[in-house]
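Read the structure below first, then the notes.
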Amino acid sequence: MTQETPPWIVTLLVVAGQSLAASPASAQPMVAVSRGPYLQAAGPGQVMVRWRLAPPAAGRVRWGKTAGALTETADDAPVAADHAVTLTGLSPGTRYHYSVGTPEAALAGGDAGFSFVTPPAAGTSLPTRLWVLGDSGTANDNAAHVRDAFLAFSKDRPVDVWLMLGDNAYPRGLDEEYQRALFDFFPGLLPSTCLWPTLGNADVLCCESNPSSAPYLQIFSTPRKGEAGGVASGSPLYYSFDHGDLHVVMLDSMVSDRTANGPMLTWLRQDLDANQKTWLVAGWHHPPYTMGEHDSDFERAHVMMRENALPILEAYGVDLVLGGHSHSYERSFLLDGHYGASTTLTAAMKKDPGTGRPEETGAYQKKSGPHQGAVYVVLGNAGQLSQGPLNHPAMVVSTLALGSLVVDLDGPQLRATFLRDTGEVGDHFTIRKMGSVPRPDGGVLVPDAGALVPDAGADALVPDAGVDAPLDGPLPGPDGGVAPPPDGGCGCALGGVRSGSAGGLALLVLVLVGRRRRR
């Protein structure tokens, strides 16, 4: 005699069978945005939108002038994790809303937080705010306080131009470190503000033997074709861009050739010779003047940029030069012609020996044109502080304090504010343009500049093959190759004193002796 199966078990079996029949043999994983979106290479008529999908899938941007009506689409068709789509045909100075995702669905955006304003038309003079961070990649409480102080300070005035001066992701510039220190750290700014980076020593410690494989080069899409204004550099490591009446040059003091007639500085002459904007700002990682954690009198990257890049920039009337690397805040007088060690500074090199504060000795006043003076700022203080003598004679202010720099341009006036992590103003200065002086006849302003040649050096590129277009061979190290530091080290010897050599030891002794003499 057989036993009957209870009715409730029969019901369960039927339902289970129907569910299995309705399900695909292998369920497809749900696609999500795991990074971004973030904006790159913005120009008056275009902007690049980048994002990451997990798992990899085809990509699509939906965009329009109204948040609820994203009627335009642009695809990045290949199935991939990282996507980059350049939106073209945009109107200058106009707000656009967008979303990112796949051709099947928008996965992030479409609301007010996912929008951007294109840069103004070339030459337009509008109030412009820059935010400058150096050595910000610690992803710790220090960096959070610096970020939050700026967001509170600028809550009613969105930033237009966002610069990062290197060491963007500690300790080694790995992709997951960029995720923590950049993408997870600035979720509100990245979808709406174009970020303009430069390379620091920490950004290549992950792959010092082959810097061309550094995640920095896969994460950022800099305007190497001149698509954001300026002259095409042909390199992802140094470039320029315009924002209204501002021209910004971002150089590479880390792995590119820093010689006077090398590809980078040859390009710099060409770029500046074509520039007609009122304001000129330059940035790179190793500052030309510092007596913080690092000593610009002796460390090679600092010396070479001071001796080779500064004469070019000053000949073309640079106004503000920004650097990081030393984890402190240092700010100079209005200077011109100081290309040697700190002991060679003369009174004549101070175009204005005052503080630059209108309520004290008055704003710095200068004309547009060659050798009218520039202010130099060290800003390696957005995530950590490191001791140093802080006694460079070119500096008005030298202090061990966390913070960032806010620069406001309004017609003929530049006002810079050192904003501390506490929200207090730690320093400020103003530059006012009072007319102009002509460039000398003959074009190029720097003697023995050499002819402009195509960039065929170590950082030349193969034709653009997309987001991850490779470099043409490995990039050189800053000093011909330096042994990587122990795990967790800052790698500060890169671009400076060689580690593990008798010459480096002798140079370190000279640095220490020099510091003792200046105290």
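Calculated FRET efficiency, Ala347 to Asp141, Cβ-Cβ distance, R0 = 45 Å: about 0.60 to the nearest 0.05. Spacing of the modelled spin labels on Asp410 and Val425, each 7 Å from Cα toward Cβ, amounts to 1.2 nm. Which one, Phe298, Asn308, Tyr329, is farthest towards the positive end of the dipole of segment 289-330 when Lys and Arg carry +1 and Asp and Glu -1 on their Cβ? Of the options given, the answer is Asn308. With neighbour counts taken as other beta-carbon atoms within 10 Å, the residues Cys206, Cys194 rank, fewest first, as Cys206, Cys194. In this structure, the residue pairs whose Cα-Cα separation is over 26 Å, taken from Lys277/Lys351; Lys225/Lys366; Lys65/Lys277, are Lys225/Lys366; Lys65/Lys277. As a rough guide to protection, the peptides 397-409, 319-331, 119-131 ranked by mean Cβ packing within 10 Å, highest first, stand as 319-331, 397-409, 119-131.
Only one residue of Thr71, Val117, Pro55 has its Cα farthest out toward the positive end of the dipole of segment 32-117, where Lys and Arg carry +1 and Asp and Glu -1 on Cβ, and that residue is Val117.
One chain, two ends: Met30 and Glu307. Fully extended at 0.36 nm per residue, the span grows by 94.2 nm beyond their Cα-Cα distance. Multiplying the residue separation of Ser154 and Thr66 by 0.36 nm and removing their Cα-Cα distance gives an extension gain of 29.2 nm. Note on segment 345-374 and segment 385-400: Cα centroid distance 19 Å, given to the nearest whole angstrom. For the pair Val437 and Lys225, the difference between a 0.36 nm per residue extended length and the Cα-Cα distance amounts to 73.3 nm. When peptides 160-173, 95-108, 262-275 are ranked by their average number of other Cβ atoms within 10 Å per residue, the highest-first order is 160-173, 262-275, 95-108. Grab the beta carbon distance between Ser125 and Asn261, set R0 = 30 Å, and tell me the FRET efficiency rounded to 0.05. After rounding to 0.05, the efficiency reads 0.30.
Summarising the strand pairing of segment 128-436, around 60 percent of its internal DSSP beta bridges are antiparallel. Extending 7 Å from Cα along the Cβ direction at Arg95 and again at Asp75 yields two label points whose distance is 3.1 nm.
Read the figures in this text as sums done on the coordinates, not as results from a lab. Since the model is a prediction, treat every value here as computed from it, not as a measurement. Cβ atoms come from the backbone with ideal geometry, glycine included; neighbour counts cover every protein chain shown.
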